[in-house]
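J.: I'd like to ask you about the structure that follows.
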Amino acid sequence: MRLLVIEDDATLRESLAAKLTDGGFAVEQAGDGREGLYFALEYPIDLAIVDIGLPEMSGLDIIRQAREKGKTYPILILTARDRWEDKVDGLDAGADDYVVKPFHVEEVTARVNALLRRSGGWASSVLTAGPVALDMSRQELTVNETALELTSFEYKIIEYLMVRAGQVISKTELTERLYDQDFERDSNVIEVFIGRLRKKIDPDNTLKPIETLRGRGYRFALERGPSG
Amino acid sequence: MSSLSTRLLISVSVLLMFFFGVTIVVLDTAFRSAGEQAQADILDGHLMAILAAAEATDAGVLEMPPDLHEPRFGSIGSGLYAEMRDDQGELIWRSRSALGTEIPEGTQPRSGVRLFLNESLLDGTPVLTLSLAVQWELPNGELRPFVFKVVESLESFHAQVAQFRRQLFGWFAAVALIMLLSISVLLRRQLRPLRRIENEIGEIEQGKRTSLSGQFPTELTGVARNMNLLIDSERARSDRYRVTLDNLAHSLKTPLAAMRALLNQGKSESFADRFNEQIDRMDEIVRYQLRKPASSQANKLGLSLVDVEQEVRRLIDGLNKVYHDKGPAIETDIDAAMRFRGDSGDFLEIAGNLLDNACKWCRGTVRVSIHPSSGGKSDGGMILVVADDGPGIPAEAADALLQRGTRLDESTPGHGIGLAIVKEIAESYGGKLEINQSELGGAEFRVTIPVSWRAS
């Protein structure tokens, strides 16, 4: 998943980005409002983290413009202002949740995961579909309660597909949202990773968790569990 | 024209000039017309006397006695003259006084009519003339017309009028001057309290005095009292700031000391956790200070009427996003006409903290109701009740919760900061926060704010 972090304090932004990258996200960073707005409108992103007090342009304006331009990805605001007045203004502008500074980075990643789940229609932090369960906070995939050994890229793919269970995801979308920098990477690599995932999750080829739709992309095909 | 007394003096001068001008014109006119009337009466009297003195002779003419009743007719150039002519205009008789004076012939009056005329003698002296034509019955029974004319010089009358005017102007000018002088003296005396207020304020600025003395005329006691209130609230505010800053600085010192101690200990396994704990504590302290009520910072003047329904809607929309996963049902019962008189940020702080708590603890239902505190009138007072169906709060714990956070050092970080803020804001509006058992089974928080309150 590709995240956008707009925060003018470099230390905070970089440590947040580092933590999120560790958490398996591709992260874009913007240090001021104007740059942030450009990223927010032009880049393929799954979630934006926006500081309210930014140079050049206020975070609230960025959120409003993104929403006006039809961007529906979840937005998490960071604010130093703790009064309800400010929180309500942010949520009113189109944000989905807030974190008040100073925060623990873990809290931000938890909120990010929750918002991403929520945007895929999941209510619980553990995504279950049949015998498959994905714990986003622990970055762990289990099948019949047995944890699987996944590379970080394999995890990114299954997370992206499972959060959007039922939707068709194109190879382009996967490469765009999952690679950190260059979009030029060969999309055949995706096929290789999908093949490995299938083998790991479904060695007997009975579950068929990931469907291939020729010319369109992939779909996580298992029925969502009771919590989803 | 910045000075009050200059303005007043100028206005009074203009008024005086107007009134005195009108008075002078009226008096002058009255004096003149009365004088003229008297003059005419006197002339008429002289004419009647001459008529009485005239005697018809057998020759068919009228004769006048050498000495008339009025000595002025006998002295030359006395200013009072008389003559008699026949109907042809031929002079028959002329008083001795008219010797060397040419009396204008004037207009022939009709028979039996008195004709008054303002004329002038050849030398330009203005005169008033009275002519009368009479039919005189001669001893032979014949009727003959004669014209009598009496002439009086107006010089002395004009001199009188001029004298009268001079006196009039003189007196009125004197009166006006005295009035203006006395008004300006009075003004200085009457405006002295204003100057005293100014001086006293100057003394307050210099620190020689703490408030205005309060001994002022009725019109100024209000000003002085309000000024004292302002000074008091200003002083109270700066005191409060000092106490707040003092509290803040001291309460930050403890965690700072703890952090230094941790650093000196060197990095242990729990170092990061314990360090974080102190940072959290400092954060809570700063947070609490930042969220304190706006009402105690501003006074009553800066407040407006808050549309509570609209604000609560915004709040609920926001909370629905934040508590999306839990999805509590938030029921509202809000009087649409309800307005809260105060700061909208303070209102949001009260409602936001209570609703956030309720959403956090509820099982599925939160209920918020807001009504005017004074029987249906939306005049600024408010009763706000937030109830939930969560585990509730036992009475003893509720008391402890309400006690907490009254002083910064005593508040436990991370717990009840929201409630402490709600309580503090409610109290700054002269209201209160109560915690009860709700009908839904959980806790019920009730904030009551009275209609009229004074910013503390």
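J.: Look at region A:63-74 and say how many of its residues are outside any loop (DSSP other than H, G, I, E, B) and either touching a residue at least 40 places away in the same chain (Cβ under 8 Å) or more than 14 Å from chain B (Cβ to nearest Cβ) (or both).
T.: Qualifying residue count for the region: 4.
J.: Every residue in region B:255-284 that is of a type in the set (A, V, I, L, M) and within 12 Å of chain A (Cβ to nearest Cβ), please.
T.: B:A272, B:I279, B:M282
J.: Any idea which of (1) modelled with pLDDT under 85; (2) acidic (D, E); (3) closer than 23 Å to B:D41 by Cα is the one B:E155 doesn't satisfy?
T.: Only one criterion in (1) modelled with pLDDT under 85; (2) acidic (D, E); (3) closer than 23 Å to B:D41 by Cα is unmet by B:E155, namely (1).
Conditions (1) closer than 27 Å to B:R291 by Cα; (2) assigned by TED's automatic domain parsing to the domain that holds A:P209, marked per residue:
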| residue | (1), (2) |
| --- | --- |
| A:L60 | yes, no |
| A:R64 | yes, no |
| A:T72 | no, no |
| A:T79 | yes, no |
| A:L91 | yes, no |
| A:G94 | yes, no |
| A:V99 | yes, no |
| A:A110 | yes, no |
| A:A133 | no, yes |
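J.: Select from region B:20-39 the residues that are surrounded by fewer than 15 Cβ atoms within 10 Å (Cβ to Cβ) and over 17 Å from B:A176 (Cβ atoms) and list them in ascending order.
T.: B:T29, B:A30, B:S33, B:A34, B:Q37, B:A38 - these are the residues of region B:20-39 that are surrounded by fewer than 15 Cβ atoms within 10 Å (Cβ to Cβ) and over 17 Å from B:A176 (Cβ atoms).
J.: Give the residue that is farthest from A:Y155 (Cα to Cα), with candidates limited to residues of region A:22-43 that are touching a residue at least 40 places away in the same chain (Cβ under 8 Å) and surrounded by 14 or more Cβ atoms within 10 Å (Cβ to Cβ).
T.: Only one residue fits best here, namely A:V27.
J.: Further question: Here is a list: A:D82, A:D92. Which entry is outside any helix (DSSP H, G or I), in contact with a helix residue (DSSP H, G or I) (Cβ under 8 Å, 6 or more places away or on another chain), over 20 Å from A:R34 (Cα atoms) and within 12 Å of chain B (Cβ to nearest Cβ)?
T.: Among A:D82, A:D92, only A:D82 is outside any helix (DSSP H, G or I), in contact with a helix residue (DSSP H, G or I) (Cβ under 8 Å, 6 or more places away or on another chain), over 20 Å from A:R34 (Cα atoms) and within 12 Å of chain B (Cβ to nearest Cβ).
J.: Kindly provide the set of residues from region A:186-214 that are touching an Asp or Glu at 6+ places or on another chain (Cβ under 7 Å) and assigned to a helix (DSSP H, G or I), ordered by number.
T.: Across region A:186-214, the qualifying residues are A:F193, A:R196, A:L197.
J.: Output the residues belonging to region A:88-102 that are closer than 19 Å to B:G342 by Cβ and buried (at least 21 other Cβ atoms within 10 Å of the Cβ).
T.: From region A:88-102, those closer than 19 Å to B:G342 by Cβ are A:88-89; that's our starting set.
Of everything in region A:88-102, just one residue is closer than 19 Å to B:G342 by Cβ and buried (at least 21 other Cβ atoms within 10 Å of the Cβ), namely A:V88.
J.: B:S97: under 18 Å from B:A49 (Cβ atoms) and among the hydroxyl-bearing types (S, T, Y), yes or no?
T.: For B:S97, the condition - under 18 Å from B:A49 (Cβ atoms) and among the hydroxyl-bearing types (S, T, Y) - is met.
J.: Please state which one of A:R81, A:R34 is of a type in the set (K, R) and under 30 Å from B:G342 (Cα atoms).
T.: Result: A:R81 is the single residue among A:R81, A:R34 that is of a type in the set (K, R) and under 30 Å from B:G342 (Cα atoms).
J.: Of all the strands (runs of 3 or more DSSP E) wholly in region B:305-377, which have at least 1 residues that are loosely packed, with under 15 Cβ neighbours inside 10 Å and more than 9 Å from chain A (Cβ to nearest Cβ)?
T.: Passing ranges, in order: B:329-334.
J.: Of everything in region A:2-30, what is more than 17 Å from A:L41 (Cα to Cα) and among the polar types (S, T, N, Q)? Give them in sequence order.
T.: Matches in region A:2-30: A:T11, A:S15, A:T21.
J.: OK, next. With without any contact (Cβ under 8 Å) to a residue 40 or more places away in the chain and within 14 Å of another protein chain (Cβ to nearest Cβ) as the only criterion, which of A:L134, A:L60 stands out?
T.: Answer to the check: A:L60.
J.: Consider A:L127 carefully, then state whether it is in a strand (DSSP E or B), closer than 23 Å to A:K199 by Cβ and within 14 Å of another protein chain (Cβ to nearest Cβ).
T.: Values: in a strand (DSSP E or B): yes; closer than 23 Å to A:K199 by Cβ: yes; within 14 Å of another protein chain (Cβ to nearest Cβ): yes.
Yes.
The values are calculated or read from the model by the stated rules, or taken from the named source; none is laboratory data. Here the structure is a predicted model, which means the values were calculated and not measured. Every residue, glycine as well, gets a Cβ built from its backbone with ideal geometry; the counts of neighbours run over all protein chains shown.
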